[in-house]
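Okay, structure first, notes after.
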Amino acid sequence: MAPVLSPSARAGLGWGLVGIAAFSLTVPFTRSAVDGGAMSPLFVGCGRAVVAALLAAAALALTRQRPPRGTQWLRLAVVAAGVVVGFPVLTSFALTTASAGHSAVVIALLPAATAVAAVLRAHERPPLAFWAAAAAGAAAAVGFAWAQGGGPGGAHWTDLLLLGAVVAAAVGYAEGGLLARDLGAWQTISWALVLSAPLMAALTGAAVLRQPPGGGPAEWAAFAYLGVVSMFLGFFAWYRGLAIGPMARVGQIQLVQPVLTIGWAALLLREPLTWPTVLGGGAVIACAALAVRTRPRRTGAAARGDRPR
């Protein structure tokens, strides 16, 4: 009989699912923004962080948040390097040539990468059943996205960029989830955005000077979503879920992301969607449900009963 999830576990998974729903539109909207060359990938990858940093600075100032102290700034730098700089910039360049469906092939590895990062950084010890379900979920997600994305065709250098993005995001998620227990969920991403703002503003300015951004209402709407939701509001829910944890288990919610992403790509970008894809998506979701219902071992902060702010 499957274990019954505690109210805390359900809350963590619920917040995580809200965050992943917000992130599921990131790849299609990034593809929409850079498609056609009206906006450069550097502008899209860095400019959205500038938009989010302005919102973050206003939120921190209005609520009079206490600044981080000591090593918290170094940990925020790790978060910023992973989710503010690394993932957005690398995926923006990859999506100049790769389709949203093809990109989901590599990004489908993110749940497994996040679980590994959580084990290494947070010293979580998921049971063997979790790893079996996570491995099955990763295989199903990659196979599902691979079939929908048209197989191994395409420029392979984009896969290297996407793999780098996966590693960057996994590290940023694990460190951010831990830091959110001390600073709070939305405060963590806000301080990370503010910390990286000078660099991202300089890179955005360089991108504008090199290629002034153009595009119509659709491209600018996509850019606005990336800045406001993908880069800012989505992390409110995601880091909240990871902070409640366990991070390795909550991270498996990301298995649903390629399913949602390819669904959005079919709806918004007119990429093909078939019945095998729908059935494959169901298999991915089933693996995710199995992974999140495994009973974790209680170690570290979880064993002491610590709770996020």
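How many nm is it between the label spots at THR63 and ARG125, if each spot is 7 Å from the Cα in line with the beta carbon?
In this crude spin-label approximation the distance works out to 3.5 nm.
Determine, for SER190, SER230, SER103, SER8, the number of other Cβ atoms within 10 Å of each Cβ, and report the residues in order from fewest to most.
SER8, SER230, SER190, SER103
Values in this text are rule-based calculations from the coordinates and carry no lab data. Predicted model only: the values in this text are computed from it and were never measured. Heads up, the Cβs are rebuilt from the backbone with ideal geometry, glycines too, and the neighbour counts pull from every protein chain shown.
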